[in-house]
Amino acid sequence: MAEDTITLLNYIGWTAKRDIHIAGGSLGGMIAMEIATRIPERIISLSLAVTTAGGLPWTNLPPVRCLFHEFECIV
């Protein structure tokens with residue numbers, strides 16, 4: 001999917017340096033990361049939301065300190 005996006009960007013002529021903003025959510029985060037690593041010179045910003053690097057399920061949980069406090073915990 002990343003290759004398809006890069007091919008499309010090349011086809012429409014969107015090849016300027018630091019001209020592309022990328023946002024990816026969930027599986028789109030993985031695709032956005034691949035695009036950013038393949039054409040980093042063309043990316044101006046990268047935003048990832050609701051995505052994870054994978055691994056064991058308990059490694060994706062918030063820190064325990066965030067579970068027992070009444071204030072908002074930013075990780």
**OP:** Within region 33-51, work out how many residues are out of contact with any Phe, Trp or Tyr (no Cβ under 9 Å at 6 or more places or on another chain) and either of a type outside the set (A, V, I, L, M, F, W, C) or open to solvent by 100 Å² or more (accessible area, probe 1.4 Å) (or both).
**Re:** 9
Original post:
Of all residues in region 1-52, which are in a helix (DSSP H, G or I) and of a type in the set (Ser, Thr, Tyr)?
Top reply: Thr5, Thr7, Tyr11, Thr37
Original post:
Restricting the search to region 9-32, which residues are of a type in the set (A, V, I, L, M), open to solvent by 80 Å² or more (accessible area, probe 1.4 Å) and at pLDDT 90 or above?
Top reply: Ile12, Ala23
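The values are calculated or read from the model by the stated rules, or taken from the named source; none is laboratory data. The shown structure was predicted, so the numbers you read here are calculated from the model rather than taken from an experiment. Positions of Cβ are backbone-derived with ideal geometry, glycine not excepted, and every protein chain shown enters the neighbour counts. Accessible surface is based on the protein model in full, side chains and every heavy atom, while ligands, DNA and RNA are left aside. Shrake-Rupley method; radii C 1.70, N 1.55, O 1.52, S 1.80 Å.
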